[in-house]
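Student: Structure in structure tokens, see below.
The values are calculated or read from the model by the stated rules, or taken from the named source; none is laboratory data. As the structure is a computational prediction, the values presented were derived from the model and not from experiment. For accessibility, only protein heavy atoms count, side chains too; no ligands or nucleic acids. Shrake-Rupley method; radii C 1.70, N 1.55, O 1.52, S 1.80 Å.
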Amino acid sequence: MAASARPYVIDEMISAKAIAARVEALAREIDATFAGTQKLVVVGLLRGSFIFIADLVREIGLPVEVDFLEASSYGDATVSSREVRILKDLRGEIAGRDVLVVEDIVDTGFTLSHVIRLLESRAPRRLEVCALLDKPARREVEVRATWTGFTIPDEFVVGYGIDYGQRDRNLPHIGKVRFTDGGAA
Ligand code: PRP
């Protein structure tokens, strides 16, 4: 059965207000870390990071350039394929530049570790990672974001850019999927 064919409701886990406050605090730390940069290249990993990056760049006080990379390990599935494919590469060069990778969630870690390896091979001056959510219980490869917005338990989460079977990305908060058919997640 397709993931989202099961009936479910969404329980709020992190409010829009709490997200906004955390995004602002993360931006202050990013400003301090990259202070003096000529231009920070902020790289959003599509599709899940599109709302987070939009809010984050509006709080960052440094000159920024925005670029996107699309890497996919899940597609419409709920289990990681462990094979990360680059579906869309950056438009710009990052050699010698200050780069901030923006990710929505670190789960098994396959996506982020693959992307970090790829971008490091292009010799940026400095590369840091900001992930909104971290689910450490699911980690299979060691990878750590420089900044994490929230550490969460092993639950299906949706909203603020994150989907469940391509649905619910447009929720303003982060919610937890709760199945109502009595089956396990
Ligand atoms: C999701 C999410 C992260 C990645 C995290 O992307 O946006 O990029 O999985 O999982 P991992 O740590 O187990 O690799 P997905 O492939 O679902 O694409 P999407 O961003 O387009 O939803």
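Student: Taking 0.36 nm per intervening residue step and subtracting the Cα-Cα distance, what contour gain separates residue 83 from residue 31 on full extension?
Tutor: 15.4 nm
Student: So what is the accessible area of the chain per residue, in Å², with the probe set to 1.4 Å?
Tutor: Result: 49 Å² of accessible area for each residue.
Student: Can you give the log10 of the normalised intensity I(q)/I(0) at q = 0.19, 0.22, 0.31 Å⁻¹, computed with Debye over equal Cα scatterers of the stretch 106-158?
Tutor: -0.65, -0.82, -1.29
Student: Moving to a separate point now. What does the helix-only formula give at 222 nm for the chain: each DSSP H stretch with n ≥ 4 adding -39500 (n - 2.57), the total divided by the residues, and the result rounded to the nearest 500 deg cm²/dmol?
Tutor: -6500 deg cm²/dmol
Student: Need one number: % antiparallel among DSSP beta bridges in the chain, to the nearest 5.
Tutor: Here the antiparallel bridges make up roughly 35 percent for the chain.
Student: By how many degrees, between 0 and 90 and to the nearest 10, does the Cα long axis of helix 50-59 differ from the longest principal axis of the chain?
Tutor: Rounded to the nearest ten degrees, it is 40.
Student: So what does the Cα-only Debye profile of the chain read at q = 0.19 Å⁻¹, as log10 I(q)/I(0), no solvent term?
Tutor: At q = 0.19 Å⁻¹ the computed log10 ratios are -1.36.
Student: If you don't mind, there's one more thing I want to ask. Tell me which residues come under 5 Å, amide H to amide H, from residue 109 once H is placed; ignore anything under 5 positions away on its chain.
Tutor: Distant-sequence amide H within range of residue 109: 140.
Student: Another question, then. Considering only protein heavy atoms, what is the solvent-accessible area of residue 156 at a probe of 1.4 Å, reported in Å² to the nearest 10?
Tutor: Taking all protein chains as shown, residue 156 has close to 60 Å².
Student: Just need the relative contact order of the chain here, percent rounded to a whole number, with Cα pairs under 8 Å and 6+ apart.
Tutor: Relative contact order here is 26 percent.
Student: What pairs from 17/176; 39/88; 17/39 go past 25 Å between their alpha carbons?
Tutor: Pairs exceeding 25 Å: 17/39.
Student: Run through the DSSP bridge list for the stretch 77-185 and note the antiparallel percent, rounded to the nearest 5.
Tutor: Around 25 percent antiparallel, to the nearest 5.
Student: In the chain, carbon and sulfur make up what percent of the accessible area (probe 1.4 Å)?
Tutor: Taking all protein chains in place, the chain shows 49 percent carbon and sulfur surface.
Student: Expressed as an acute angle from 0 to 90° and rounded to the nearest 10, what is the orientation of the C-alpha long axis of helix 110-120 relative to the principal long axis of the chain?
Tutor: Once rounded, one gets 10 degrees.
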